[in-house]
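Chemist: The structure follows.
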């Protein structure tokens, strides 16, 4: 009789679907679950918003039976890690899959397609003023080129959504993960993960594993997903240069009172040469050289440069002929923004009182965030500036011809896992049926050094979203084909043994 | 009997007061009339606000019997001139006294003492957060050091208020002007007076005179009022430099995609040398040399430099040792403001898509606004930029390594009246009982060339307000001692024959 019962069960149950089939059959349902998550503001500095996100994700995981819980900081004030698990009896490995649910700050007035936390659906890349389309019904067709516009649509709520949908896909297939699966969603990655080390230490037992798989970042500009074995580090700084203690009429004082906007321009211009090479003394000194295997991996990447220049409207690039892939394996210095008084219609005929720049320096293996910051400070000092970490007092303004306020705004070192580590090898195999770019390091930054430092855990990064996703900027979006393919890719990774 | 009637009249009427006595007896009443005028927003681009100002001033003039009227532009859309007159039968001269009632644009969030159009009274220079004092009663005492904070408190509604109060003072003395008095208040001086030429032409008959006396600008930094025989001209420009067509993640693209903030910094830095001298080719070529008389007048001015450096918190100034007085008689180039993406707390790790600067160039006799602008454009071109007057199209972005958008934002030439012109001589005599600084030109700009061009009228500028008045910036204010002394000075000028 037993065979008969099994046969009846098999006939009654839906036929097992592959992850690809399940995803394609459930496109509208995935989008309908994703939009409310994107509607919750998630700038890490707003702890109420962050907690609403965490609770919402907790509920999504509860519906999937992942035994979720919030992993809190000592005093409960930090954005919690949202944790879930799918234990697999008899599995030989335990792996953590990670994404983050916070997003970069927003300047709503700069968003031209839709407000940052009113996710809107379009049938392709959208133009300002274009009306979004309606939410599709459960069974409506959704094309690969459709996009959702919202803060974190790609970076990195797409990771949260895709990991949870991959759990559904795996279950629809009747399968289980090939390893003990743990899931961790972080809530302040874009703020530099100031509490991650303490959280990992506090919950070390629960988070023990044989490695972490980070789902974050855009696919390669040439199209395929990227498997990256490391990330650049980051050292951020705010720089303010001072002029007269109050703004002055530019007619009555012009070309007598020093103009801080001009002083800042001169100072920034002194930091790079005309080829884009950073001229700060010692800037490239600490770089750990790439191995022959890593150099070979870099050389195997199809250079995206020409296509990107076309797409981005660039008539020239920096780097003396090196490719983008070469350049992201070097430290960088970048001006994130400038501000002094007002411009355009709001400009007034003044000598501003101060001028400000925000700067980020990306680090590679060997660089230290503080050491790189100290080099920046030394460079500014060498240009004749008194360097302070606060606004100058009146007597200092009178004493020093040039004053800069330079503050360290956080950072962390780079991280890199060896290309022949077992974790790297098995993820590469799990994704091997599709085109794949393998890179020693991505250009972006994640605090992956902490996984090594706190948990001794090797890690790899899987980057899946459309490269033209405007992450970190206004009009962030995700292309739905990338989201759906990403779910299948994560399900394939979950199935690996 | 006639002597008895005259004696009785003299005993019945209040004793004639000197302008000084009248002003001191009416300090509170003057302040009470002034505050409502300051409460009317007066940015020239808002034509409804401007018309409310004009109507309000018209009513102030009507109360004084000055037969006021609004002098409109052809289609009635320009800010009107507010005109009034006090004819003096038998007078040998007709003179116009001028001020302007519009003000510079405001960024309310930057105002730390009081909102720009909620005038507030303080017992001295105010600190942020300090509460204002109550409006004094009609007979309350008001000290010289008290200040009113509001947009245009100095620049130049102080001129409007002081001219009308001087009419009262003259009348209280039982006097009349020493000439046919005409009064003109302009409503878009801070916007570059785009309609003034047409207005002067349209109302040429009414505005015929032997000269104009302009009441505008701050007293000398060393304290005394200034009589200036000219003004610098102005040539304003907006400059935008372009990077990638959308903001990029600075990790994924940093040091490959050109950063427009850094390109703008390099471009601005190329415009001046380390002593503040402008390096744009031909920048100083057209300057009409100062005459020996003018040079002697400049040399007679007490150099305010050391005191100003102390007050403004400056450890160094530009100009290779030349004084402020020397330098305002030369053309200048000044950065009014910078903007690219965001800074500080709102900064994101992006490569901005564009970076912008607003620039003003002050002109002296001999300079032409367009010619100076063309030199700026040529300089930018010489730095390798394709210079456009509009945003670049995509094919232009791809074609040119560097693109700048440079737009001419208006301007006009300098003007200067000879030091021994009869108008200059009589105003100098009228003010001669007090300390007075006489200067060939002020540093600021007014469209005085139009008076010469349209009406053939010589002109002088009387500058009376406290030099630390923050005009053109946030927290603009007027020191009431300067306002009251200014009224007396204008009454003395009105009395001159």
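Chemist: Once the Cα atoms of helix B:480-495 and of chain B are each reduced to a long axis, what angle between those two axes, in degrees from 0 to 90 to the nearest 10, is obtained?
Modeler: For B:480-495 against chain B, the angle is about 60 degrees.
Chemist: Still on this structure: Relative contact order of region B:275-340: what whole-number percent is it, with Cα pairs under 8 angstrom and at least 6 residues apart? Present the calculation step by step, with values, prior to reporting the outcome.
Modeler: Values: 26 pairs, mean separation 31.7, N = 66.
About 48 percent, as a whole number.
Chemist: What gaps in nm, shortest first, separate residue A:112 from its twins in the other copies when you place the label 7 Å past Cα toward the beta carbon?
Modeler: 3.6
Chemist: Right, next: Given R₀ = 30 Å, FRET efficiency for residue A:346-residue B:399 by Cβ-Cβ distance, to 0.05? Walk me through the numbers before you get to the answer.
Modeler: Values: r = 32 Å, r/R0 = 1.06.
Step by step, r from the Cβ atoms, then E = 0.40.
Chemist: Inside 10 Å of the C-beta atoms of A:229-237, what's the mean count of C-beta atoms belonging to other chains?
Modeler: Numbers: counts 0, 0, 1, 3, 1, 3, 0, 2, 0.
For peptide A:229-237, the averaged partner shielding equals 1.
Chemist: Please report, in Å, the Rg and the Dmax of the protein assembly as shown, where both are computed over Cα atoms only.
Modeler: That works out to 34.8, 146 Å for Rg and Dmax.
Chemist: Also, I was wondering about something else. With each pseudo-label sitting 7 Å past Cα toward Cβ, what's the residue A:198-residue B:293 distance in nm, one decimal?
Modeler: Using points 7 Å along Cα→Cβ, the separation is 7.6 nm.
Chemist: Here's something else I'd like to know. Sort A:188, A:205, A:85 by Cβ crowding within 10 Å, fewest neighbours at the top.
Modeler: On the way: A:188 25, A:205 6, A:85 19.
Listing A:188, A:205, A:85 from fewest to most nearby Cβ atoms yields A:205, A:85, A:188.
Chemist: Mind pulling the angle between the C-alpha long axis of helix A:157-172 and the longest principal axis of chain A? Nearest 10 degrees, somewhere in 0 to 90.
Modeler: So the helix axis and the longest Cα principal axis differ by about 10 degrees.
Chemist: Separate question: Considering only the protein assembly as shown, what is the antiparallel percent among its DSSP beta bridges, to the nearest 5? Can you show the working numbers first?
Modeler: Working: 97 of 143 bridges.
Beta bridges within the protein assembly as shown, antiparallel portion: roughly 70 percent.
Chemist: State whether chain B is rounded, prolate or oblate according to the following rule on the C-alpha gyration tensor (a ≥ b ≥ c being the square roots of its eigenvalues): a/c under 1.5 gives rounded; otherwise a/b larger than b/c gives prolate, and the remaining case gives oblate.
Modeler: The shape class here is prolate.
Chemist: Something else: What percent do you get for the relative contact order of chain B when only Cα pairs under 8 Å and 6+ apart count?
Modeler: Details: 1027 pairs, mean separation 125.6, N = 497.
Worked out over chain B, it gives 25 percent.
Chemist: Quick one: with label points 7 Å out along Cα→Cβ, list the inter-copy distances for residue A:205 in nm, shortest first?
Modeler: 10.0
Chemist: Rounded to the nearest 500 deg cm²/dmol, what is the calculated helix-only ellipticity per residue at 222 nm for chain B, with -39500 (n - 2.57) per DSSP H run of length n ≥ 4? All intermediate terms of the calculation are to be shown ahead of the outcome.
Modeler: Numbers: 15 runs with 150 residues, N = 497.
After summing the helix terms and dividing by residue count, I get -9000 deg cm²/dmol.
Chemist: For helix A:27-38, what angle does its Cα long axis make with the longest principal axis of chain A, in degrees from 0 to 90 and rounded to 10?
Modeler: That works out to roughly 40 degrees.
Chemist: Then there is this: Provide an ascending nm list, one decimal, of label-point separations from residue A:396 to the equivalent residue in each further copy; define each label point as 7 Å from Cα along Cα→Cβ.
Modeler: Taking the point 7 Å beyond Cα along Cα→Cβ, the inter-copy spacings are 4.4 nm.
Chemist: Please say if region B:115-270 is rounded, prolate or oblate, where rounded means a/c under 1.5 for a ≥ b ≥ c the square roots of the C-alpha gyration tensor eigenvalues, and otherwise the choice is prolate for a/b larger than b/c and oblate otherwise?
Modeler: Details: a/c = 3.08, a/b = 1.64, b/c = 1.88.
Oblate is the answer for region B:115-270, as a/c is 1.5 or above yet b/c matches or exceeds a/b.
Chemist: Taking each pair of different alpha-carbon atoms in region A:49-147 once, compute 1/r for the pair, average those values, and report the inverse of that mean as the Kirkwood hydrodynamic radius in Å to one decimal.
Modeler: 17.2 Å
Chemist: Let me ask something else about it. Could you work out the relative contact order of region A:385-497, using alpha carbon pairs under 8 angstrom and six or more residues apart, expressed as a whole percent? Can you show the working numbers first?
Modeler: On the way: 87 pairs, mean separation 25.4, N = 113.
Reported relative contact order: 22 percent.
Chemist: So, one more: Counting partner chain Cβ atoms within 10 Å of every residue's Cβ in A:357-364, what's the average?
Modeler: Mean number of neighbouring Cβ atoms from other chains: 5.
Chemist: First check a/c for region A:381-497, with a ≥ b ≥ c the square roots of the eigenvalues of its C-alpha gyration tensor; if it is under 1.5, answer rounded, and if not, answer prolate when a/b is larger than b/c or oblate otherwise. Show your work: numbers first, answer last.
Modeler: Numbers: a/c = 3.94, a/b = 2.25, b/c = 1.75.
In terms of gyration-tensor shape, prolate.
No value in this document is a laboratory result; all are computed from the given coordinates. Quick caveat: nothing in here was measured; it's all calculated off a predicted structure. No Cβ is skipped: glycine too gets one built from the backbone with ideal geometry, and neighbour counts run over all protein chains shown.
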